[in-house]
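Novice: Below is the structure I would like to discuss, written out as C-alpha cells.
Just so it is clear, none of the values below were taken in a lab; they were calculated from the coordinates. Here the structure is a predicted model, which means the values were calculated and not measured. Positions of Cβ are generated from backbone atoms using ideal geometry, with glycine treated the same way; all protein chains shown enter the neighbour counts.
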Amino acid sequence: MNILQEIASHQKELVAIRKKTHPVLDLEKSKFFKRDCKSFSSFIMDKENIGLISEFKRASPSNKGINPNASPLNICPGYMNAGASALSILTNEKYFSGKNSDVEIVAENATVPILRKEFIVDEYQIVESKAIGADVILLILNLLSKQEIKQYIEVAHNLGLQVLAEIHERKDLVSEGLKADLIGVNSRSLEQMRILPNHHEKIYTELQIGRPMIAESGIKSPERAVELAKVGYKGFLIGSHFMAKENPAKECQRFVSTFKDLRGIPSRNNS
C-alpha cells in the first residue's frame with residue numbers, strides 16, 4: 001500500500017464519522033452554500049495573471065514540519081496581494097495538519113478562487129467543500145473508478161464548483177476525467193515519494209489534449225515555471241517552496257514579479 005492508498009483508506013473512515021456528526025442537511029445550511037463560486041478556470045486563464053495557485057499547508061507526508069504554526073490569515077491575504085490567481089488550502093489533518101476552518105476563515109474575504117486540496121473519496125466531501133467556502137475541488141483520478149469520476153464531476157458542477165483533475169501518469173487520464181475544468185499533472189512519484197525530473201514535459205507531450213493544464217509539485221523557481229509555460233502549461237501549483245520560507249507571501253511576490261519580467265507581462269499597479 002503506497003501513501004496515496006493509505007490516505008484514501010483513512011479518508012473513508014473519517015467520512016463515515018463526519019456523515020454522522022455533520023449530516024448533509026446541516027452542511028446545506030452553511031452561509032457559503034448558496035454563494036456563487038468564483039471561476040477557477042477564468043482566473044487561471046486571465047492573461048494579466050501568471051496562473052499561479054499559491055498553496056497553504058503546514059506539513060506533508062514527506063515533510064512533517066514545513067511550517068507547523070502557520071495561520072492562513074497571516075499568509076493567504078499576502079498571496080492574493082502578491083498576484084496569486086488562486087489559493088490552494090489543505091484540509092487533511094492527519095497527513096497535512098490542515099482543517100476545514102482554514103478554508104472557512106479565508107473564504108470570508110477571498111478575492112480569488114479557493115481550491116480545497118483534499119483526498120476526495122466520497123460524494124459527501126464535495127458537498128462539504130461547498131459548505132466550507134471552496135470554489136473548486138481536487139479529484140485525484142487514480143483514486144477513483146470511472147463511474148466515481150463521472151459522478152463526482154457532475155455533483156461538483158451541479159453545486160457550482162469547478163474541478164481540477166489530477167493525474168500522475170498518462171494512463172490516469174480516463175475519458176471521464178476530461179469533463180473536469182482543468183487537468184493537473186503531479187510530478188511527485190507516490191511510490192518513490194520524490195519528484196521525477198522532466199516529468200511535466202513528458203506527460204504534456206504524451207497527452208497533447210489541447211486542454212488547460214496545471215503543473216504541480218517540484219516547481220522551485222520562476223525560471224522553472226517559465227520553462228513549463230513555454231511547454232504549454234497554463235498554471236502552476238506551488239506550496240512547499242513558499243511555505244518553507246520565513247515570509248511565504250514575500251517569496252510569492254518575488255516569484256510573480258520575476259516570472260512577469262521573464263515573460264514580458266505588464267504588472268498591475270496593485271501587484
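Novice: Could you give the C-alpha radius of gyration of the chain expressed as a fraction of 2.2 N^0.38 Å, taking N as the number of residues it contains? Show your work: numbers first, answer last.
Specialist: Values: Rg = 17.3 Å, N = 271, 2.2 N^0.38 = 18.5 Å.
Compared with the compact-globule rule of thumb, the chain sits at 0.94.
Novice: Counting residues in segment 84-224 as N, plug N into 2.2 N^0.38 Å and put the Cα Rg over that result. Write out the running numbers ahead of the final one.
Specialist: Working: Rg = 14.9 Å, N = 141, 2.2 N^0.38 = 14.4 Å.
Normalised Rg, Cα atoms only: 1.03.
Novice: Still on this structure, please answer the following. Rank these for me by crowding, Cys37, Cys252, going from fewest to most other beta carbons within 10 Å. Display every interim value, and only then the final one.
Specialist: Values: Cys37 19, Cys252 26.
Fewest-to-most ranking of Cys37, Cys252: Cys37, Cys252.
Novice: Here is a further query. For segment 47-190, what is the relative contact order in percent, using Cα pairs closer than 8 Å and at least 6 residues apart in sequence? Write down the numbers at each step before the final one.
Specialist: On the way: 258 pairs, mean separation 23.3, N = 144.
So the answer I get is 16 percent.
Novice: What is the dipole size for the chain, taken about its Cα centre, with +1 at each Lys and Arg Cβ and -1 at each Asp and Glu Cβ, in debye to the nearest 20? Don't skip to the end; give the middle numbers.
Specialist: Details: 37 positive and 33 negative charges, 66 e Å.
The dipole magnitude comes to about 320 debye.
Novice: Which one, Asn247, Gln11, Tyr79, is farthest towards the positive end of the dipole of the chain when Lys and Arg carry +1 and Asp and Glu -1 on their Cβ?
Specialist: Farthest along the dipole direction, towards plus: Asn247.
Novice: Moving to a separate point now. Contact order normalised by length for the chain, with contacts defined as Cα pairs under 8 Å and 6 or more residues apart; what percent is it?
Specialist: Working: 505 pairs, mean separation 56.4, N = 271.
Computed over the chain, the figure is 21 percent.
Novice: What's the longest piece of the chain with no exposed GluC sites (Glu not before Pro), counting a site as exposed if DSSP puts it in a loop and it has at most 15 other beta carbons within 10 Å? Don't skip to the answer; put the middle values down first.
Specialist: Values: sites that count: Glu28, Glu48, Glu108, Glu169, Glu191, Glu246.
Between exposed loop sites, the widest span is 109-168.
Novice: Can you give me the relative contact order of segment 18-73 as a percent, contacts being Cα pairs under 8 Å and 6 or more apart?
Specialist: Details: 23 pairs, mean separation 8.4, N = 56.
Value for segment 18-73: 15 percent.
Novice: Distance cut-off 22 Å, Cα to Cα: go down the list Lys29/Lys57; Lys57/Lys250; Lys146/Lys202; Lys57/Lys94 and report the pairs above it.
Specialist: On the way: Lys29/Lys57 27 Å; Lys57/Lys250 16 Å; Lys146/Lys202 24 Å; Lys57/Lys94 12 Å.
Over 22 Å Cα-Cα: Lys29/Lys57; Lys146/Lys202.
Novice: Which whole-Hz couplings ³J(HN,Hα) result when phi for each residue of segment 236-248 is put into the Karplus expression 6.51 cos²θ - 1.76 cosθ + 1.60, θ = phi - 60°, listed in order with x for Gly and Pro?
Specialist: My calculation for segment 236-248 gives 9, 9, 10, x, 4, 4, 7, 5, 7, 7, 4, 10, x Hz in order.
Novice: When DSSP beta bridges are limited to those with both residues in segment 3-263, what percentage is antiparallel, rounded to the nearest 5?
Specialist: Numbers: 3 of 32 bridges.
Counting only bridges with both partners in segment 3-263, antiparallel ones make up about 10 percent.
Novice: Extending each Cα 7 Å along its Cβ direction at Ala244 and His22, get the distance between those two points in nm, one decimal.
Specialist: About 3.1 nm separates the two model spin labels.
Novice: What is the set of long-range amide H partners of Phe236 at a cut-off below 5 Å, with H atoms built 1.01 Å from backbone N?
Specialist: The list, which skips near neighbours in sequence, is Leu52, Ile53, Ala215.
Novice: If each DSSP helix of 4+ residues adds -39,500 (n - 2.57) and the sum is divided by the residues in the chain, what number results at 222 nm, nearest 500 deg cm²/dmol? Present the calculation step by step, with values, prior to reporting the outcome.
Specialist: On the way: 12 runs with 113 residues, N = 271.
Using -39500 (n - 2.57) per qualifying helix, the result is -12000 deg cm²/dmol.
Novice: Using the basic label-point model (7 angstrom from Cα toward the beta carbon), what is the Arg188 to Asn74 distance in nanometres?
Specialist: 2.2
Novice: Further, regarding this structure: For Lys130, Lys260, Lys29, Lys12, which order do you get if you count the other beta carbons within 10 Å of each Cβ and list the fewest first?
Specialist: Working: Lys130 24, Lys260 20, Lys29 9, Lys12 12.
If I rank by nearby Cβ atoms, fewest first, I get Lys29, Lys12, Lys260, Lys130.
Novice: With a 10 Å Cβ neighbour count serving as the proxy for reagent exposure, in which order, fewest first, do Thr205, Thr258, Thr21 appear?
Specialist: Values: Thr205 12, Thr258 15, Thr21 7.
Exposure proxy ranking, most exposed first: Thr21, Thr205, Thr258.
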